[in-house]
Amino acid sequence: MKILSLHVDYIKFKPVRKALKNPEELSKQQEKEKEIRECLVIFTAVEKPDTLELVKKLVENIEDIASQVKAKKIVLYPYAHLSSQLALPEIAISVLKEAENQLKKSKKYEVTRAPFGYYKEFELRCKGHPLAELSREIKSEGTAEGERGKIKFEEKYNCKQLLNQISKSHLDTSKLKDNDHRILGQQMDLFSFNEVAPGMIFWHNNGLIIYNELAEFWRAMHRKNNYGEVKTPQIMDKKLWQISGHWEKYKENNFVTDYENRTFLIKPMSCPGGILIFKNKPKSYKELPLRVGELGVVHRCELSGVLAGLFRVIQFTQDDAHIFCTENQIEDEISSLLVLVDLFYKKFDFNYRIELSTKPEKRIGTDAQWDMAEKILENVLKKRKIKFKINKGDGAFYGPKIDFHLTDSLGRNWQCGTIQLDFSMPERFELEYTDKDNKTKTPVMIHNAIYGSIERFIGILLEHTNGRLPTWLAPIQVRVISFTDRNQKAAEKIAEKLKEENIRADTDFSSTTVSEKVRNSEIMKIPYLITIGDKEEKSKNLAVRKSGKVKNIKPEKFIEEIKSEIEERI
């Protein structure tokens, strides 16, 4: 059985038409649209091995999540898309009905079950705190851990059989919009997915160029702001995550492994590793504020049914930066961060709004620390005359935060950047510095990220620009084509000259028409197209096409202009 739990502000749903030949019979009330506010929605897929015996474990999991998010209303929602190994409908409905009965019997919750056997239209708004979205797999006692998805084969295996089992992920484009990043990814040859690594991206050369350019921009901007860069291990001992609180808070979404009778965690976040670097040697107040960043590859366990292109993955890169400072330095550091975040988003032509997320129910640290941290963040925003909305109860478990919600060209909102003020974790890890009066004090920690996830940011940016990235980010910046075969040598010389100037250029000398070559360049979203024909060879000029317009220009002048555009990242 697979479940996806969403802690939501509201959910609305209504049966539209039958999905099964004999669906559940509905009352007049059930046929109408239903709206439930402030609830925990449990999307559930009952699978072939599941029986009524598994209901107890399902209910235990639901109650565990409900207690963590303090939910009093529960919506059981049959959702077949979480699995391809579905149980028979009669088994599935009996499991859901029994789960409903057991939850109601406890008298702790107000329980609603969505109709079974119907296509339903639904709308919901998910909360933004760390426990708002969780996916779990519930197994019977007889199923060994880690058996899911395991390929079984004989000792003498057949390579061809194994290759047949390693299937390339098929993308159904029938329901996707033309600017969907997954379609653009195929057209521009950026990335792909494969079942051997669910939710992990296979970056092609073109896509890795975008990834690396964004990473280098992040590095350049942070170097300008006096950040050092660090790199921490992928796998670290369970003890570290118990101290930080991540072991308990994210236990259902952690990848765990064992080595020499010790339990290790594949890192879901980079903060604890960065803290150990700070602890490595004594610090003086003269070294503060100490700013460090890491483009850390992290892993979060998710069910395959909730994965969605670059937007929701298992492996991704967080631009995790941390500032260790004194209490007197907090406001200046956060003020500088607000400027830095603004510079980033303006570079990509994003508008954004800001939310101040306050103390959640489940947290570490004292109320006095939380009150002080919230007041500091609020003061900085007010001093800078920045409009913001209070997002009550959605802070990180270790501190309040300022969240940045981007608006893309389609009017959609994406929470990407965050600034989090943390008094608790430095105490838990016993971080220290020596003050000017030679006394030992605990620093304050400011967590911040701007992209949030580089992979997700690339997906958002591709859809925001419809794949027409600025020249500095474009995988292929210039394509050179020949008008006829006799112009090919001249075109090759131009392409080589561009490459010598570190401009990403390629050629298209295929046996097809010029209009077909132009169309192929458009599909690849290449910013500049140069056509070399008899006229261009004679005049020593280039015919340069950009955004459908063609201009004639000297090669030296074009190289000067495009290099300036790339270097200035415009």
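Compute the semi-axes of the equivalent ellipsoid of the chain, taking the square root of 5 times each eigenvalue of the Cα gyration tensor, and list them largest first in whole Å. Before the final figure, lay out the partial values.
Values: eigenvalues 390, 252, 108 Å².
One finds semi-axes of 44, 35, 23 Å for the chain.
Rg(Cα) of the stretch 2-137 divided by 2.2 N^0.38 Å?
Working: Rg = 14.0 Å, N = 136, 2.2 N^0.38 = 14.2 Å.
Against the empirical 2.2 N^0.38 Å value, I get 0.98 for the stretch 2-137.
Give me the distance in nm between label points sitting 7 Å out from Cα along the Cα-to-Cβ direction at residue 107 and residue 518, one decimal.
Taking the simple label geometry, residue 107 and residue 518 are separated by 7.8 nm.
List the pairs from 12/70; 224/499; 70/97; 382/439; 108/362; 32/72 whose alpha-carbon separation is above 25 Å, in the order I gave them. It would help to have the intermediate numbers written out before the result.
Working: 12/70 21 Å; 224/499 29 Å; 70/97 23 Å; 382/439 33 Å; 108/362 19 Å; 32/72 23 Å.
Pairs exceeding the cut-off: 224/499; 382/439.
What percentages, rounded to whole numbers, describe P(r) for the stretch 478-567 computed over all alpha carbon pairs with 10 Å bin width beginning at zero?
Per 10 Å bin, starting at 0, the Cα pair percentages come out as 17, 57, 25, 1.
Full-extension gain between residue 281 and residue 259, please, as 0.36 nm times their residue separation minus the C-alpha to C-alpha distance. Before the final figure, lay out each step's value.
Numbers: separation 22, 0.36 × 22 = 7.92 nm, distance 2.79 nm.
Answer, rounded to one decimal: 5.1 nm.
Taking loop as defined by DSSP and a crowding limit of 12 other beta carbons within 10 Å, which GluC sites (Glu not before Pro) in the stretch 5-34 fit?
Numbers: sites: 24, 25, 31, 33; in loops: 24, 25, 33.
Those that pass, being in a loop and sparsely packed, are 25, 33.
Of all the Cα-Cα pairs you can form in the stretch 328-410, what percent are over 15 Å apart? Walk me through the numbers on the way to the answer.
Details: 2026 of 3403 pairs.
For the stretch 328-410, the fraction of Cα-Cα distances above 15 Å is 60 percent.
Only Lys, Arg, Asp and Glu count, each charged at its Cβ (+1, +1, -1, -1), so figure out the dipole size of the chain about its Cα centre, rounded to 20 debye. Write out the running numbers ahead of the final one.
Values: 96 positive and 85 negative charges, 213 e Å.
Computed about the Cα centre, the dipole is about 1020 debye.
Of the GluC sites (Glu not before Pro) in the stretch 219-328, which ones lie in a loop per DSSP and count no more than 14 other C-beta atoms within 10 Å? Present the calculation step by step, with values, prior to reporting the outcome.
Details: sites: 229, 248, 252, 260, 287, 294, 302, 327; in loops: 260, 302.
Answer by residue number: 260.
Specify whether the C-alpha gyration tensor of the stretch 190-314 places it in the rounded, prolate or oblate class, a ≥ b ≥ c being the square roots of the eigenvalues: rounded for a/c under 1.5, otherwise prolate if a/b is larger than b/c and oblate if not.
Values: a/c = 2.53, a/b = 1.16, b/c = 2.17.
Cα axes put the stretch 190-314 in the oblate bin.
Tell me which trypsin sites (Lys or Arg not before Pro) from the stretch 430-463 have a DSSP coil assignment and no more than 12 other beta carbons within 10 Å of their own.
436, 439
Which residue, chosen from 203, 10, 263, occupies the Cα position most advanced towards the positive end of the dipole of the chain, where the dipole is computed from +1 (Lys, Arg) and -1 (Asp, Glu) charges on Cβ about the Cα centre?
10
Taking 0.36 nm per intervening residue step and subtracting the Cα-Cα distance, what contour gain separates residue 371 from residue 121 on full extension? Please list the in-between numbers first.
Details: separation 250, 0.36 × 250 = 90.00 nm, distance 4.16 nm.
In short, 85.8 nm is gained.
Taking one equal scatterer on every alpha-carbon of the stretch 181-465, how large is log10 of I(q)/I(0) by Debye at q = 0.07, 0.09, 0.15 1/Å?
Values returned for q = 0.07, 0.09, 0.15 Å⁻¹ are -0.26, -0.44, -1.27.
Report the per residue volume, in Å³, of the convex hull enclosing the C-alpha atoms of the stretch 285-338. Show your work: numbers first, answer last.
Details: hull volume 6.2 nm³, N = 54.
Taking only Cα atoms, the stretch 285-338 has a hull volume of 115 Å³ per residue.
Spin-label point model (7 Å from Cα, Cβ direction): what's the residue 242 to residue 382 distance in nm?
For residue 242 paired with residue 382, the spin-label model returns 4.3 nm.
No value in this document is a laboratory result; all are computed from the given coordinates. None of these values were measured; they are calculated from a predicted model. Neighbour counts run over all protein chains shown; Cβ positions are idealised from the backbone, glycine included.
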